[in-house]
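So the structure is just underneath, and the comments pick up after that.
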Amino acid sequence: MDETRSAGAPREAAGEARGGCALVALVGAGPGDPGLITVRGRELLCRADAVVYDRLVAPELVELAVGSCRVDVGKRQGSHPVPQHRINEILVEEARRVGAGGLVVRLKGGDPYLFGRGGEEASHLAQHGVSFEVVPGVTSAFAAPSYAGIPVTDRRAAASVHVVTGHRQQNGALDIDFGALVQAGGTLVFLMAVATLGEICAGLLAAGMPADTPAAVVEQGTTARQRTVRGALAGIARKSRQANVQSPAVLVVGAVAGLDPELAWYDRLPLRGKTILVTRPRDRAADLAEKLARLGAEVLCFPCVETYAAADEDLASAVRRIGSCGWLALTSPFGARCLARGVRAAGLDARALAGVRVAAIGPATAAALERELFVRADYVPEVYDSAHLGAGLARLAAGEKGSFPARVMLFRSSEGSSVLPRALEEAGVAYEEVEAYRSVTAPEPVPAELVEKLAAGTIDLVTFTSASTVKGFAQALTAAGADPAHALRKAVCLGLPTRAAAEAAGFMCTTASAATMPDLADACVRALADSKGEQ
Ligand code: SAH
């Protein structure tokens, strides 16, 4: 089970570790985009027993540490940060608690050793006899400029790059030798510089840097919320203030910041600046969410339906009856997973399906079947919906009378549509319904943050992947006292029944050209491109 512990947990008596400690890995989480963690970092996270993480770490990465104990030592608004000495202690405490053979991941934003105080943490671990490993990360100092279209060095513009802290020392002064930096002449990247932007720019100007030197401030780099303010050194601080730039942000100063507007690839992504709500069940939202994020969107996940597998013994008993059917029909990847579960619960393996033909409603279901049971689907309709699956199955099963028992097992949701069984009935094909899983609409209350965004009209689009997601969305919003179609009018739907449900609920709909997540993502691009220039 996941367990979230407060960083303020009582201290353990200080003292040397006496062996029996877990390894602590200081892992760089990258600059914000969860895709920018290293392979090694991800691998360690996935098998961590405990994760101690910071504020700037992408939540998706913390989620990877399934089953671990999570300790948040990040600064939270309005409360005090956990002091560094306490973080150091927590690392030693966790290493002892987890014990020998275990793994504690200390997940830090960007690179652990670049202004991350990772060095101090490693020294503390060493002093207490705790073994550690360091997994470098992609630093925001280079990644935020990259996503903003700024190469930090370039033969045309800069032969060196200097990464500088804009953080004040204890006495309030900046620890920056402006003269030396101007003299060195390369690209300058300032971190922790939002509060001191004006002083930094004034310092560079006073040390002789030309007022028209190109500069840029990149806020929340590599995330969907990335913003870039560009201008000359002399005006960049004022411009940033006007744009209300907040931390985290980097300041880049040097000719590279004005090199070539064409390099701003991230700003040209088709869903850049758009916010999209994904209503799929939590465990199946990742694929769509990732695709939309790669197209530049800010993605909010709010599951409007959850699916629950039937009891293992019921699934196992259905699997034992499969041999009496010539065909088995699967209508979702989740159905394929439930089938695999039933096979295992029955103490069998893929051979339970020997002699049975399997029809899958679409390629994702077929892929899940292959992944779960190493079985290839015998039939996938050309159009991925119940009507086409029903028509194809009716044709195939009816044509096989005599050679095969033409009975079909429908292994699907207890709320499955009547379209599929009707097609079989009309063709005179016998079938058996197995309620392999059930769906529950509106399983969670709407988070306050989402209600606010809906009220403010800052969500551009909602995606519905089934009629039940439409129903769940309406139910959840009604319970929260909001009008679903008033708050957000644009929807992208998967399949015609979903569209019909969304239209009935008052949404303006675009339909995916086929029932796959890439097609749904394309439809989002179309839906939002169409809206350009609309009121
Ligand atoms: N170790 C981190 C830096 C930690 S200091 C790294 O390698 O990236 C924190 C500072 O990093 C912030 O004040 C900001 O200047 C910068 N920073 C972190 N994430 C950022 C992001 N997504 N976009 C812009 N700057 C970021």
- Item | Ranked packing of 314-324, 163-173, most packed first, by mean Cβ within 10 Å | 314-324, 163-173
- Debye intensity ratio in log₁₀ form over the Cα atoms of the chain, taken at each q of 0.05, 0.06, 0.08, 0.11 Å⁻¹: -0.28, -0.40, -0.68, -1.09
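Show me the trypsin sites (Lys or Arg not before Pro) within region 171-254 that DSSP assigns to loop and that have at most 15 other Cβ atoms within 10 Å of their Cβ.
Sites meeting the loop and neighbour criteria: R225.
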- Message: Tell me the Kirkwood radius of region 242-398: reciprocal of the mean inverse pair distance over distinct alpha-carbon atoms, in Å.
- Response: 19.3 Å
- Item | Contact order normalised by residue count of region 261-412, Cα under 8 Å, 6+ apart, percent | 21 percent
- Message: Taking every DSSP beta bridge with both residues inside the chain, roughly what % is antiparallel (nearest 5)?
- Response: 30 percent
- Item | DSSP-defined beta bridges in region 142-266 - what % are antiparallel, rounded to 5 | 75 percent
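Taking a probe of 1.4 Å, how large is the accessible area per residue of the chain, in Å²?
Working: 24590 Å² over 535 residues.
Heavy-atom accessible area per residue stands at 46 Å².
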- Task: From zero up to wherever the largest Cα-Cα distance of region 308-440 sits, split into 5 Å bins and tell me the percent of pairs in each.
- Result: 2, 12, 23, 26, 22, 12, 3, 0, 0
- Item | Stokes-Einstein translational diffusion, region 70-222 - Kirkwood Rh over all Cα pairs, 1.567 mPa s, 4 °C, in µm²/s | 72 µm²/s
- Message: Taking the full set of protein chains and a 1.4 angstrom probe, give the accessible area of S513 in square angstrom, rounded to the nearest 10.
- Response: 100 Å²
- Which order do peptides 209-217, 449-457, 417-425 fall in by mean Cβ count within 10 Å, highest first? 209-217, 417-425, 449-457
- Item | Helix-derived mean residue ellipticity, 222 nm - over the chain, DSSP H n ≥ 4, -39500 (n - 2.57), to 500 | -10500 deg cm²/dmol
- Task: Give me the net charge of T187's neighbourhood, meaning all other residues with Cβ under 13 Å from the Cβ of T187; Lys, Arg count +1, Asp, Glu -1.
- Result: +1
- Message: Quick check on region 308-440: of the DSSP beta bridges with both residues there, what percent are antiparallel, nearest 5%?
- Response: 10 percent
- Exposed-loop cut sites defined as chymotrypsin sites (Phe, Trp or Tyr not before Pro) in DSSP loop states with at most 13 other Cβ within 10 angstrom; longest site-free run of the chain spans 1-264
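Which net charge results when you count Lys and Arg as +1 and Asp and Glu as -1 among the other residues whose beta-carbon is under 13 Å from that of H167?
0
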- Query: So what is the relative contact order of the chain, in percent, for Cα pairs below 8 Å that sit 6 or more residues apart?
  - Reply: 10 percent
- Over the chain, with every protein chain in place, what whole percent of the accessible area is carbon and sulfur at 1.4 Å, could you tell me? 52 percent
- Query: Binning every alpha carbon pair distance of region 142-266 at 10 Å from zero, what are the percents per bin?
  - Reply: 14, 50, 32, 4, 0
- Message: What does the charge count around V217 come to, taking other residues whose C-beta lies under 15 Å from its C-beta (Lys +1, Arg +1, Asp -1, Glu -1)?
- Response: +3
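The values are calculated or read from the model by the stated rules, or taken from the named source; none is laboratory data. Note that this is a predicted model, so its numbers are computed, not measured. Methodologically, a virtual Cβ is constructed for each residue, glycine included, from the backbone with ideal geometry; neighbour enumeration extends over all protein chains shown. Heavy atoms of the whole protein, side chains included, go into the accessibility calculation; ligands, DNA and RNA do not. Shrake-Rupley method; radii C 1.70, N 1.55, O 1.52, S 1.80 Å.
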